[in-house]
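One structure is given below, encoded as structure tokens.
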Amino acid sequence: MAEDYTATTHDVRVSVRSFYLADQSRPDDSRYMWAYRVRIENIGRVAVQLLRRTWRITDSRGRTQVVEGDGVIGQQPILEPGELFEYTSGTPLETPSGFMSGQYHMISLGSGEPFDIEVPAFSLDSPYLSGGRLH
């Protein structure tokens, strides 16, 4: 059963769940694919906007890739108080497991102040051991 990872920063709650994509993975070629669903909820009293993201993707060998960019899935969503935004994206790894974490770089639409919110670290686990063999 997939697990939700949740963190709340500055009245914004982020929940993430990852899914191994067996049909898009090629263990014999050291290519393992995951999808992850992110739910961002504004539990505060002021509208906020997600402007940028920073991801740290670490494989089981300890290699970390940093991915930065504007918005998420081509959007810079505004969340009014009580609203949520949900999206699904994906990432490949060369190893059968790893983890991701990051930040969303936000702005308060009330004060204009920028702030960062944490994306909780979440695991990327496949049914494979090193070398592409099933557990």
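Couple of notes before you dig in:
- Test: Ser25 is closer than 17 Å to Ser101 by Cβ and surrounded by 15 or more Cβ atoms within 10 Å (Cβ to Cβ): no
- Per the listing Arg45, Arg56, Arg52, the residue uniquely modelled with pLDDT of 95 or more and surrounded by fewer than 14 Cβ atoms within 10 Å (Cβ to Cβ) is Arg45.
- Here Ser89 meets each of (1) under 11 Å from the mean Cα position of the chain (by Cα); (2) surrounded by 15 or more Cβ atoms within 10 Å (Cβ to Cβ) with one exception, condition (2).
- Any hit, segment 66-81, residues being surrounded by fewer than 18 Cβ atoms within 10 Å (Cβ to Cβ), of a type in the set (Val, Ile, Thr) and at positive phi: yes
- Among the residues of this structure, Ser15 does not count as one that is at pLDDT 95 or above, loosely packed, with under 15 Cβ neighbours inside 10 Å and not in a loop (DSSP other than H, G, I, E, B).
- For Ser30: the one exception among (1) modelled with pLDDT under 95; (2) in contact with a His (Cβ under 9 Å, 6 or more places away or on another chain): (2)
- Residue within segment 41-49 that is closer than 25 Å to Ser108 by Cβ, in contact (Cβ under 8 Å) with a residue 60 or more places away in the chain and assigned to a strand (DSSP E or B) present: yes
- Only strands (runs of 3 or more DSSP E) whose full extent lies in segment 51-135 are considered here, and the ones with at least 2 residues that are touching a residue at least 24 places away in the same chain (Cβ under 8 Å) are 84-93, 97-108, 114-125.
The values are calculated or read from the model by the stated rules, or taken from the named source; none is laboratory data. The structure presented is a predicted model; accordingly, all values stated were derived computationally and were not measured. Using ideal geometry, Cβ is built from the backbone for each residue, glycine included, and neighbour counts are taken over all protein chains shown.
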